[in-house]
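Right, one structure below, let's go through it.
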Amino acid sequence: MLDLEGKFLVSKPTMRDSRFREVVILIAEHSRTHSLGLIINKPVHTPSVKEIASDFGIPTIKRQPNQYLFYGGPVNLNKVMVLHTPDMDFGAGTHKFNDEVWLSNNPDCLNAVLKHGVASPTNWMICIGSCTWSAGQLEAEILSRNGRMNTDAWLVTSLNANTVFGMKYQNRWKKTVNRIAQEQFRRTFNHAVQTQ
């Protein structure tokens, strides 16, 4: 089984499925039974942050200077999850990927990031919906081959907190693809040097 949990899944420039063209997905869960991820670079404007707050009974919301609301994927569109820095722990329902990025689906987290006058994590973003794959489906997509030619549509790389919280969403896909290309070039170059 591939080690995918807590990593970025990035669509290749040749991705044919329009739903996943130029996306960066954070894989939140990956097991023998299923995989779940969140797209982190496709903002949404409907519903609004105000409408989500109203749905969760939050009367007054904080000012939102940036775009914090993202389309997590085409499944579970009634589910809201929050990616945030680990300076606040919301207990059960929190995935702790590393010491820079956590994911919570706890209502206390949503309350903290939206409600006026309540302390919140330093950085956060809200995802509506998710991407899901059945047992073995994601690995099959990553490793698929047509004869000797690799026909996969995905690239995998390590999670980068700056991509999630520090980078403009418009740049996340292109900069991540460029980072992967540089990493692959370095690996190939170093291998060539070592085998001379």
Task: Geometric extent, Cα atoms of the range 67-174 - Rg, Dmax (angstrom) - done: 16.3, 59
Task: Counted charge near I61, where neighbours are those whose Cβ lies closer than 15 Å (Asp, Glu -1; Lys, Arg +1) - done: +2
Open item on the list: On the principal axes of its Cα set, how long, how wide and how thick is the range 1-43? Give whole Å, largest value first.
Closed with: 27, 21, 14
Open item on the list: Restricting to Cα pairs below 8 Å that are 6+ residues apart, what does the relative contact order work out to for the chain? Please round to a whole percent.
Closed with: 27 percent
Open item on the list: Counting just the Cα atoms, what span does the range 21-107 cover along each of its three principal axes? Round to the nearest Å and put the largest first.
Closed with: 41, 33, 22
TODO: Compute the accessible area per residue over the chain, keeping the other protein chains in place, probe 1.4 Å, unit Å².
DONE: 56 Å²
- [ ] Note down, for the chain, the three equivalent ellipsoid semi-axes (square root of 5 times each alpha carbon gyration tensor eigenvalue), biggest first, whole angstrom.
- [x] 32, 18, 16
Open item on the list: What whole-number distance in Å separates the alpha-carbon centres of the range 89-116 and the range 1-35?
Closed with: 22 Å
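The values are calculated or read from the model by the stated rules, or taken from the named source; none is laboratory data. Please read these numbers as outputs of a predicted model, since none were measured by experiment. Glycine gets a Cβ as well: all are built from the backbone with ideal geometry, and neighbour counts include every protein chain shown. For accessibility, only protein heavy atoms count, side chains too; no ligands or nucleic acids. Shrake-Rupley method; radii C 1.70, N 1.55, O 1.52, S 1.80 Å.
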